[in-house]
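Undergrad: One structure is given below, represented as structure tokens, and several questions about it will come after.
The values are calculated or read from the model by the stated rules, or taken from the named source; none is laboratory data. Just so we're clear, the structure is a prediction, and the values are computed from it rather than from any experiment. Here the Cβ positions follow ideal geometry from the backbone for every residue, glycine too, while neighbour counts run over all protein chains shown. Quick note on the areas: whole protein, heavy atoms, side chains included, nothing else; ligands and nucleic acids left out. Shrake-Rupley method; radii C 1.70, N 1.55, O 1.52, S 1.80 Å.
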Amino acid sequence: MRFSILGSGSRGNSVFIESGKTAILIDAGFSGKEIQARLRSIGRDLSDIRALCITHEHNDHICGAGVLSRRCGIPTYANPGTFSNGDKRFGKLKVRKEFDSGDILQIDDLQVRSFRISHDTADPVGFVISDGKASVGYCTDTGQVSHLMATRLAGCNGLILEFNHNLDMLKNGPYPLPLQQRVRSSQGHLCNEDAAEFLAQLVSDHLRFVVLAHLSETNNTPDLARNAALQSVADWGETALLVAGQDESMPLVQI
Ligand SMILES: [Zn+2]
Ligand SMILES: [Zn+2]
């Protein structure tokens with residue numbers, strides 16, 4: 001199984017995941033043209049994609065979804081709340097596949113299991129994607145962590161986790177108070193400290209890669225996020241730590 005973060009942050013999110021036969025995208029928060037360019041940069045193409053799985057209806061996760069559906073016929077998977085709240089931004093979709101949060105989707109040889117997270121949208125989810133041999137967990141855009149999230153993400157071989165902001169930078173930065181409160185709320189985004197504590201619970205012998213994702217460009221830096229993660233986990237063993245960027249795709253990671 002391989003994955004690449006095509007881009008991550010408040011200006012757009014999309015993750016490519018493939019096993020032997022099947023390739024999917026989690027979220028499509030860039031234009032169709034940009035997603036195609038980023039796929040090409042890792043030697044892949046939109047025509048390879050069998051499904052687009054949506055976490056929630058914020059623009060930085062769905063703005064390219066309609067185009068991928070209409071131009072390329074890629075089936076769009078989301079829960080009813082996400083489809084209904086994102087209706088205008090999705091536009092017409094060629095193939096619309098509804099799931100209930102908690103369902104396990106079978107997309108050729110990939111299993112995609114959704115689980116509820118905590119964010120200011122209709123019914124936000126994270127995903128664990130597995131090909132039966134390896135698994136990758138994706139969890140960003142959540143204001144708090146839960147027992148359910150820890151249970152689903154435990155034992156994954158790859159983890160893509162939100163490290164959104166540094167609390168001091170947020171408090172002392174340019175965001176007006178209401179926006180700070182929204183980011184910090186239980187339905188906002190995870191700060192480095194909370195994310196690092198959560199990560200420490202999830203580290204296991206099975207974990208090969210951790211990718212820190214959805215970093216704020218205003219209220220965080222890659223070094224601060226990385227240091228928070230490094231300090232919270234006592235023994236990294238063989239686990240590699242990566243930080244996803246906003247402007248270009250990561251090289252494919254094999255797990
Ligand atoms: Zn987001
Ligand atoms: Zn969001």
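Undergrad: What accessible area per residue, rounded to a whole number of Å², is obtained for the stretch 167-255 using a probe radius of 1.4 Å?
TA: Per residue, the stretch 167-255 has an accessible area of 53 Å².
Undergrad: Give the long-range amide H neighbours of L105: residues separated by 5 or more places, or on another chain, with amide H under 5 Å away, using H modelled in the peptide plane at 1.01 Å from N.
TA: V112, R113, S114
Undergrad: DSSP H helices in the chain with Cα extent of 20 Å or more along the helix axis and mean Kyte-Doolittle hydropathy at least 1.6?
TA: none
Undergrad: Count the DSSP beta bridges whose two residues both fall in the chain, then state the antiparallel fraction as a percent rounded to the nearest 5.
TA: Counting DSSP beta bridges with both partners in the chain, the antiparallel share is about 50 percent.
Undergrad: Computed FRET efficiency, Cβ-Cβ of R11 and A122, R0 25 Å: what is it to the nearest 0.05?
TA: Plugging the Cβ-Cβ distance into 1/(1 + (r/R0)^6) gives 0.65.
Undergrad: Of all alpha-carbon pairs in the chain, indicate the percentage at a distance above 29 angstrom.
TA: Of all Cα-Cα distances in the chain, 22 percent exceed 29 Å.
Undergrad: So, one more: Express the carbon and sulfur contribution to the solvent-accessible surface of the stretch 130-230 as a percent, rounded to the nearest whole number, probe 1.4 angstrom.
TA: 50 percent
Undergrad: Next question. Hey, can you find the accessible area per residue of the stretch 73-121 for me, probe 1.4 Å, expressed in square angstrom?
TA: About 51 Å² of surface per residue is accessible.
Undergrad: What ranking, highest mean first, results for peptides 192-199, 165-172 when packing means the other Cβ atoms within 10 Å averaged over each residue?
TA: 192-199, 165-172
Undergrad: Which of the peptides 44-52, 26-34, 85-93 is most tightly packed, and how do the rest follow, going by the mean number of other Cβ atoms within 10 Å of each residue?
TA: In decreasing order of mean packing, 44-52, 26-34, 85-93 become 26-34, 44-52, 85-93.
Undergrad: Based on the Cβ-Cβ distance from R50 to H147, what FRET efficiency comes out when R0 is 45 Å, to the nearest 0.05?
TA: With R0 = 45 Å, the Cβ-Cβ based efficiency is 0.90.
Undergrad: Contour minus end-to-end for L167 and E217, with contour as 0.36 nm per residue of separation and end-to-end as the Cα-Cα distance?
TA: That pair, L167 and E217, stretches by 16.7 nm at full extension.
Undergrad: On to the next question. Apply the a/c threshold of 1.5 to the C-alpha gyration tensor of the stretch 1-88 and tell me whether it is rounded, prolate or oblate.
TA: Here the stretch 1-88 falls in the prolate category.
Undergrad: On a full-extension model of 0.36 nm per residue, what is the gain between S41 and S84, subtracting their alpha-carbon distance, rounded to one decimal in nm?
TA: Separation in residues times 0.36 nm, less the Cα-Cα distance, equals 12.2 nm.
Undergrad: Subtracting the Cα-Cα distance from 0.36 nm times the residue separation, let me have the gained length for Q246 to K97 in nm, one decimal.
TA: 50.8 nm is the gain from fully extending Q246 to K97.
Undergrad: For the stretch 2-245, what is the relative contact order in percent, using Cα pairs closer than 8 Å and at least 6 residues apart in sequence?
TA: Value for the stretch 2-245: 15 percent.
Undergrad: Quick check for you: which residues of the stretch 190-204 have the amide N under 19 Å from the point 7 Å beyond the Cα of A234 toward its beta carbon?
TA: 196-204, by backbone N distance to the label point.
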